[in-house]
1. Taking every DSSP beta bridge with both residues inside the range 87-196, roughly what % is antiparallel (nearest 5)?
2. So which residue, out of A219, A49, A159, gets the largest mean-square fluctuation from a GNM of the chain using Cα contacts under 10 Å as springs?
3. Which of these, P101, P292, P149, has the largest mean-square fluctuation under a Gaussian network model of the chain (Cα springs below 10 Å)?
4. In whole percent, what relative contact order does the range 159-266 give with Cα contacts below 8 Å and a gap of six or more residues?
5. Based on the alpha-carbon set only, what is the convex hull volume of the range 42-123 divided per residue, in Å³?
6. Sort F82, F106, F45 so that the residue with the fewest other Cβ atoms within 10 Å of its own Cβ comes first and the one with the most comes last.
7. I need T100, T195 ordered by Cβ neighbour count within 10 Å, fewest first.
8. Based on the Cβ-Cβ distance of S22 and S175, what FRET efficiency does E = 1/(1 + (r/R0)^6) give at R0 = 51 Å, to the nearest 0.05?
Amino acid sequence: MARLITVAAAQLGPIARNDSRSRVVERLIAHLRESKRMGCDLVVFPELALTTFFPRWYMTDQAEIDSFFERSMPGPETQPLFDEARRLGLGFYLGYAELTPEGRHFNTSILVDGDGLIVGKYRKVHLPGHREHEPSRRFQHLEKRYFDPSDTGFRVWRAFNGILGMAICNDRRWSETYRVMGLQGVEMIMLGYNTPVHNPPAPDHDDLSLFHNQLVMQAGAYQNGCWVVGVAKAGSEEGVPMIGGSQIIAPSGVTVAATRGDGDELAVACCDLDACASYKNTTFNFAVHRMPQHYGLIVERKGAEPPP
Ligand code: CDV
């Protein structure tokens, strides 16, 4: 019997700085209900889906910073999301800022199954941006300041009758992200993102933001023979325009469903996990064709070192 998962890429429009968690959770629940009506099994929400994208502001008051983080998951405000998902029998991927009991801060995603149980947790590996205040930027990108580096790396989980993996935003630009999961047999990678249209260090990339988004996710899907579900928090958030372009990509590299606007919107596709096999067993049969003896530099060296 075919292994089918019907997935919703549950894009969110902007979240204002003073929007309450409860208000945001209502929007997430509306997405769950619509996804159920559309026959979905799994709903993928964006990165940091419970608040505005707070790393755009330089803050020094730790209490203010911590107000954007969740101390428990589910917590009092997110419990209704878990309850409704379980009532509907829907699984979901959710990105949020995690504050651990030890006081560590992570940019995190979880995978929750149709019974409301957290079956996987991932903490973002590639934290982009900068650590110090850079007042010359139109807006900040202080992920390196507010988040600790990952202690999970890229894992995969047996869930939804397949092998699923998670990544977050900037991870999608790095081929290593997909390949580390590809080497664990991943069949579907879920990832949420917050991507400003404007890239302060390289404004010449701005017109290519949507193209680069699609390029990296399609390449990752094809080169690893897996589905990729990429989901934006989009639109103009606190004056900063962010790309949409949420999409579901088949192991062929072809986008099979995509959002059209930059507000709350679903893109839905029925994904056949067995479609991965024709890529994993032929062109990208890793066991037959990879040449890891020639890839040592990838883990030995961090930055490029041109010859003298
Ligand atoms: N949230 C992100 O990781 N955003 C980055 C921006 C800074 C470029 C991204 O790769 O989309």
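What follows is calculated from the coordinates using simple rules that are stated; it is not laboratory data. Because the structure is predicted, anything quoted here is derived from the model rather than measured. Note that we place each Cβ from the backbone using ideal geometry, even for glycine, and neighbour counts take in every protein chain shown.
1. Working: 17 of 22 bridges.
The antiparallel proportion sits near 75 percent.
2. Residue with maximal mean-square fluctuation among A219, A49, A159: A159.
3. P292
4. 24 percent
5. Working: hull volume 7.4 nm³, N = 82.
Each residue corresponds to 90 Å³ of Cα convex hull volume.
6. On the way: F82 19, F106 24, F45 27.
The most exposed by this proxy come first: F82, F106, F45.
7. Details: T100 15, T195 24.
Final ranking by Cβ density, sparse to dense: T100, T195.
8. 0.85
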